[in-house]
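The values are calculated or read from the model by the stated rules, or taken from the named source; none is laboratory data. Quick caveat, the model's predicted, so the values are computed rather than measured. FYI the Cβ positions are ideal-geometry reconstructions off the backbone, even for glycines, and counts take in every protein chain you see. Calculation scope for accessible area: heavy atoms of the full protein, side chains included, ligands and nucleic acids excluded. Shrake-Rupley method; radii C 1.70, N 1.55, O 1.52, S 1.80 Å.
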Amino acid sequence: MRIARIAAIAAAATLALSAAACGDKGGESTGGEQKDFAAGTTMEKLNKAQKIKIGTKFDQPGFGQKGLSGKPEGFDVEVATIIASELGIPEDKIEWVEAPSKTREDKIVNGDVDLVVATYTINDKRKERVAFAGPYYEAGQNIMVRKDDSTITGPDSFKDGTKKVCSATGSTPAEEIKKYVKDVASQLVLFDTYDKCKDALKNKQVDAVTTDNVILLGYIAKDEDSFKMAGDNFTKEPYGIGVKKDDTEFRNFINDLLEKIFTDGRWKKAWDETAGKFGAKLGEAPTVNRY
Amino acid sequence: MKTELSVLYDAPGPRQKKITWIGSILTLVALLAAAYVLVYRPLDAKGQFSMELWGPYVAPANENFDQLWDRLGFGLRQTLAAAVLAILSSLIFGTLLAVLRVQLRSVVRRTYTGFNLPVAYLLRGLSWTLSAVTRFCVEVFRGLPVVITIFFVGRGFPEFGISLEILWYLVIGLTIYNGVVIAEILRSGMEGLPGGQREAAEALGLSPLQTTRMILLPQSFRIMLPALISQIVVILKDTSLGFIISYEDTLNIAKQIIGVLDNPIQTYVVIGTIFIGVNYSLSKLAQYVQHRLARGRRTSPTRTGAAGTELETEAVAGTTT
Amino acid sequence: MSVLIDKFDVFAGGFWLTLQICVLAGTGALALGAVMAVLRISPLPPLRAVGTAYVTIFRNVPLTVVMFFAAFGLPALGSNANFLRIPVLDSVFSRLGTDLPYFRFAVIALALYTAAFVCEALRSGVNAVPPGQAEAARSLGMTFTQNLRHVVLPQSWKAAAVPLGSVIIAMIKNSALAGFFGVVGDLAQSADQLTSAEGYPFVPVAIGISIGYLIMTVPLGLLLDRMERRQAVAR
């Protein structure tokens, strides 16, 4: 019957397409190392599997941005690559998963990724669901304004209810700025990415963009004539590496590794090759928090 | 189109033709002037027509040209993969659901005279419950936006421990929504068929399932083809909603490109054109297929024809995004 | 489940905002769609071309792209959609009059997109009117405009009502996208906010916003089903 034939062709096509869609990952291996880790730890598991899934941002210039090459680049990406190589996993075996702000905890809890390095601020609320290694960098929330605008000097400038500010849905800076904004409905604009905020600022639809200073520095560096930083950081945002909540051995491993790279030059090198190009200062290495 | 034009006004005589000509030229000039003043000038003032912004898309010599079109090609392949999978599974799921609902309707009417009284009541109760549950699910998933359905699948499945690739979340979300819509389209097509068909099948000794499978379903497909086609176009457009669960389809790739090259308007014009091109060809192809099928057979009598047009326009007029 | 009660004001606010978007965009879409439908059947070829081009573009482009152009293309053209800040209206639809243009942009995008479908629905209604009616009107000497106004359009309403209804239902569902383009506080965006930023459990929030959307779409859907069945019988 014609219908049976059509159905058979359709089924075959579906199978072929799903194979094509799923099977396109990974290339040839270029030498992973067998390392010795204690049995039963995450490190041993990852080393044996010679594969690791890392969550990072795809849209933050300087930290995690997927460009035309198809691979994410940035400071977070470099730090994550260093961790992977210490686990004996080569760079091309890393699977980069996009972890937008709001999905980071879910992705760790569900096991979609093995760790998250994505401008991930450590705070107590998040510690209820995941565990943090680090911090590996201390950022702070700040505000970006148009170059010719001197009316906004800090978060208090929003208290009078006339200035409009933009941020990303579900991010800590958005929650933080809500404390300073007089009327959320007429002053706060939320998009899914900061890119859109930057465009809105340029188009004069909003008066400010608020998020961590390094993200803003990336945008300012790309468009120096249009933007500038409004003042100083008004919060402390320690960036951490998110892992599963009870995985203490993995956390210790990463913390030990971080302390090593703070001093042996790899940390500075990673910065200089990425976010450092925007003229941002690295500052002192933070102290890891082994809680 | 031709018929309606000729019935609404007379065939133009020489004077009318002159007036139409003059009117057309004036309108054309007015439209062009408006386009220039309202669209071209402001954009040009902001430098949106510069080669710097358009270069990566049109000039092969530009350094980013190759990489950019590589990425776009990747995005398009992802979109097509998701679309084809979603279309196939929606059609299958929709057909099964439609058959299920039609069967349930006839099962509910049976009276189970052969069984004891309590068993008969139990069977009737069960079939009634099943029918009600199906109806409830269908109404719920028809009433929810497909964005929400995809969002639920993408966030909900992992919470319940089911962990799949993002592509499958998108396909499952699209299938649930579009499958239900397709089921409704097919079901109303089947119910719009003349009752005589069903009676004749019964007289021939066919079971309800056989009737549905061999007689009602094929005709329903043929009659509802325009509605099904426009639903397929909808599925293709809805794959662009994958960005909310980070699926790297054409639109998401476009966002990444904009992040690097900072040319949003140019990128979206190119993407929009691509989408229009693909969807328009898809619709034209489907119309051609429909004409070929219609040529070889007589269409059903007036009652179906009228119901068909109505339902087809309902679905054609817009089921979702 | 407690989130449904604790944050009921968020759900209610989201519902109200979505309703506002739908009402405004719906009115705009109906008006614009009617204009486009007239353009498509007008005797002047350039006008017909404009109508056809409009419908082809907006039916084949995803709503996301339209919303994007409204949110970022319009400012590039220098407009803040200030023409929509109608004095009396913005006391009821509070977001209309604020400095933040994104609500107005979302309404414009949704109206533009839906108008194409409204146009097609109206055209199918006009096509359903028996041609003999228009011919009789013409033979009586009515001009194009008189023909449309007094004979064809009044009869086309009945046939166009059901497709129009389903277009409106589709629009209500499409309004969920507005939350992703800068409109803070509508139903879909509240769900996003509650589950991610504020970490509430997923299932209750899902139920909450589902109820919100279903309140709007299911009654309309049932009404449409009734109308359709009545019309099928009347045939």
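Here are a few things to note about the model shown:
- Calculated FRET efficiency for the pair A:Val109/B:Trp128, C-beta based, R₀ 30 Å, to 0.05: 0.15
- A Förster distance of 30 Å, applied to the separation of the beta-carbon atoms of A:Lys222 and A:Thr162, puts the FRET efficiency at 0.60.
- Counting Cβ atoms of other protein chains within 10 Å of each residue's Cβ and taking the mean over peptide A:193-201 gives 4.
- Computed over the protein assembly as shown, Kirkwood Rh from alpha-carbon pairs, angstrom: 29.5
- Heavy-atom SASA rank of B:Ile25, A:Ile122 (probe 1.4 Å, accessible area, largest first): B:Ile25, A:Ile122
- Computed over the alpha-carbon atoms, chain C gives an Rg to Rh ratio of 1.04, Rh here being the Kirkwood radius from the mean inverse distance.
- Computed Kirkwood radius, in angstrom, where 1/r is averaged over Cα pairs of region B:184-284: 16.9
- For chain B, relative contact order (Cα pairs under 8 Å, six or more residues apart, normalised by length) works out to 23 percent.
- For region A:62-93 versus region A:112-133, the inter-centroid distance based on Cα atoms is 18 Å.
- C:Val35-A:Ala49 FRET efficiency (beta carbon distance; Förster radius 41 Å; 0.05 resolution): 0.10
- Angle of helix C:202-234 to the longest C-alpha principal axis of chain C, folded into 0 to 90 degrees and rounded to 10: 20°.
- Between 0 and 90°, nearest 10: helix C:102-128 axis offset from chain C longest Cα axis: 30
- Centre separation in Å (Cα based) which lies between region B:51-129 and region A:276-291: 48
- Where both bridge residues fall in the protein assembly as shown, DSSP classifies roughly 60% of the beta bridges as antiparallel.
- Distance between the 7 Å Cα→Cβ label points at A:Thr287 and C:Leu140: 9.4 nm.
- Average projection area in nm² (convex hull over Cα atoms of chain B, one quarter of hull surface): 24.9
- Once the chain from B:Ala35 to B:Arg109 is taken as fully extended at 0.36 nm per residue, the excess over their C-alpha distance is 20.4 nm.
- For C:Tyr113, net neighbour charge (Lys/Arg +1, Asp/Glu -1) across residues whose Cβ lies under 13 Å away: +2
- Rolling a 1.4 Å probe over the protein chains gives A:Glu73 an accessible area of about 100 Å².
- With K and R counted +1 and D and E -1, the other residues having a Cβ less than 12 Å from that of B:Leu97 yield a net charge of +3.
- Both numbers refer to the Cα atoms of chain A; Rg and Dmax are 21.6, 76 Å.
- C:Arg48 accessible area, assembled protein chains, probe 1.4 Å, Å²: 60
- Local charge for C:Leu77 was computed over the other residues whose Cβ lies under 10 Å away, with Lys and Arg +1 and Asp and Glu -1, and equals +2.
- Separation between Cα centres of region B:175-224 and region C:16-62, rounded to whole Å: 35
- The listed residues A:Glu284, C:Glu135, B:Glu199 rank as A:Glu284, B:Glu199, C:Glu135 when sorted by accessible area, largest first, using a 1.4 Å probe.
- Average other protein chain Cβ within 10 Å of Cβ, residues A:66-73: 6
- Estimated at the nearest 10 Å², the accessible area of B:Met214 is 90 Å² with a 1.4 Å probe.
- Extension reserve of the B:Gln197-B:Phe74 stretch, reckoned as 0.36 nm per residue once the Cα distance is removed: 39.4 nm
- Helix axis angle, B:146-159 relative to chain B longest principal axis, alpha carbon, degrees: 70
- Two-site label geometry, B:Phe160 and A:Arg129: point separation in nm, points 7 Å out along Cα→Cβ: 1.9
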